[in-house]
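Here's the structure, in structure tokens; my notes come after.
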Amino acid sequence: MSSELLHDSGLIANPASTATLSDADADSLIAELALRGRAAQRVLAGMGEQVKADALRHAAAALRAAAPRVLAENARDLDKGRANGLAPAMLDRLKLDDARLDSIASALEAVANLPDPVGQVIDQRTVPTGLELSRVRVPIGLIGIIYESRPNVTADAAALCLRSGNAVLLRGGTEAVHSNHAIHAALVAGLEQAGVPADVVQLLPTQDRAAVGGMLRAAGLIDMIVPRGGKGLVARVQADARVPVLAHLDGICHTYVHSAADPVMARSVTLNAKMRRTGICGAMETLLIDASFPEASSVVAGLIDAGCELRGDARAQAIDPRIGKASAEDWDTEYLDSILSVAVVDGPEAALAHIARHSSGHTDAIITGDAAAAERFLTEVDSAIVMVNASTQFADGGEFGLGAEIGIATGRLHARGPVALEGLTTYKWQVRGTGQARA
């Protein structure tokens, strides 16, 4: 699909368009955008660290200046979401206000202030032949990001990709289409002021699902796909992609209240882990309470009194009559809402076994005053993030000092946990010799 055909079809004029594309047209569209992105990335690679940092600061200023338009477009998305029956948790993810928009702009500035990973020497050595070997961080290239509902991802992804020397092709969810395009327009205006090519950050001009298929088939054009969204989106990307995928699966996060937990801490941390923001991937979805913990009723009451619906096993239900009965599916559900599954377990062994069966490998926590129990939990829980005496809601790249994040990777290859600048680079070997020839 040529640029002329894009305009003729109305995709550029109407970013919310769901005009049907054939697979061939989708592949042509993605190829055109990818080639433009790769060309822009080569230009970006020749720019210094200061240019990239200044471009993000210009983008932040442009986003603040565009606040009235962005919020107006976000209001359109919210109105449509309510009319379509979008769940409260999804509406919360979608909603922008002055404070959230300023936070997005501040995140751009925070990424600008981070050390540039490109060119960092990971290690170096001299081998017996006299060759000097170095491993050096380099950009991945062109990254495709497919995401749902959260318009902040548009800015976060742009910032992280640009700062790490990558170009990015964004495909946001239909429910946030107007917000995403308004944010993207502001970002591009800021980048161009700093002399960075606009094609470094591109947003798909169509919401047609065929375009997603085009991205997934774009081996050799897109270097990595990052899906951010629900189980259905991630499953489709993993099943259909011919491009390497950096996956973020469900956030089925557990908190285990050990028998030696401080009761005040247990009540405070569990309440925060669930109720601070129920719609984020780091929200606690299952609470495990040790059968020997003496203040279980206080912890449970704190959650219920805060408006959380609890679903538990028989022993959990015995703690408080307001706890409903959990089904088998509850232990494997990411609620993203004010709902929590609760189980009583007989010591660390049972807690570890439950987590091994039901955790999605995102974030799991223990609350305890027993140092040995804490160390065992840290060692034996095989999740991307494992915590002691802290709310699972700290599972966030910003809280880890990484700046904005692209997501929490729950796999075991390339990057794991909060993926920020370092996770968006690869490396190459540099070899320096003095005329050596191999025998």
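The values are calculated or read from the model by the stated rules, or taken from the named source; none is laboratory data. Everything numeric here is computed off the predicted structure, so don't read it as measured data. So basically every Cβ, Gly included, is an ideal-geometry build from the backbone, and we count neighbours across all protein chains shown.
Listed values, structure above:
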{"read-out": "Matching option when the condition is touching a helix residue (DSSP H, G or I) at 6+ places or on another chain (Cβ under 7 Å), assigned by TED's automatic domain parsing to the domain that holds Ala39, part of a strand (DSSP E or B) and touching a residue at least 60 places away in the same chain (Cβ under 8 Å), among Ile183, Ile122, Ile146", "value": "Ile146"}
{"read-out": "Residue among Ala301, Ala328, Ala314, Ala273 that is hydrophobic (A, V, I, L, M, F, W, C), assigned by TED's automatic domain parsing to the domain that holds Glu375 and in contact (Cβ under 8 Å) with a residue 24 or more places away in the chain", "value": "Ala273"}
{"read-out": "So Asp23, is it of a type outside the set (Lys, Arg), under 17 Å from Cys161 (Cα atoms) and more than 21 Å from the chain's Cα centre (by Cα)", "value": "no"}
{"read-out": "In region 390-414, residue farthest from Gln120 (Cα to Cα) [restricted to those that are among the hydrophobic types (A, V, I, L, M, F, W, C) and either part of a strand (DSSP E or B) or at pLDDT 85 or above (or both)]", "value": "Ala390"}
{"read-out": "Selection within region 374-389 - touching a helix residue (DSSP H, G or I) at 6+ places or on another chain (Cβ under 6 Å) and either closer than 27 Å to Cys161 by Cβ or in a helix (DSSP H, G or I) (or both)", "value": "Glu380"}
{"read-out": "Qualifying residue in region 418-430 (condition: part of a helix (DSSP H, G or I), in contact with a Ser or Thr (Cβ under 7 Å, 6 or more places away or on another chain) and at pLDDT below 95)", "value": "yes"}
{"read-out": "Residues within region 227-262 that are in a helix (DSSP H, G or I) and acidic (Asp, Glu), tallied", "value": "1"}
{"read-out": "Subset of region 22-46 (residues that are modelled with pLDDT under 95 and closer than 19 Å to Val201 by Cα)", "value": "Ala45, Gly46"}
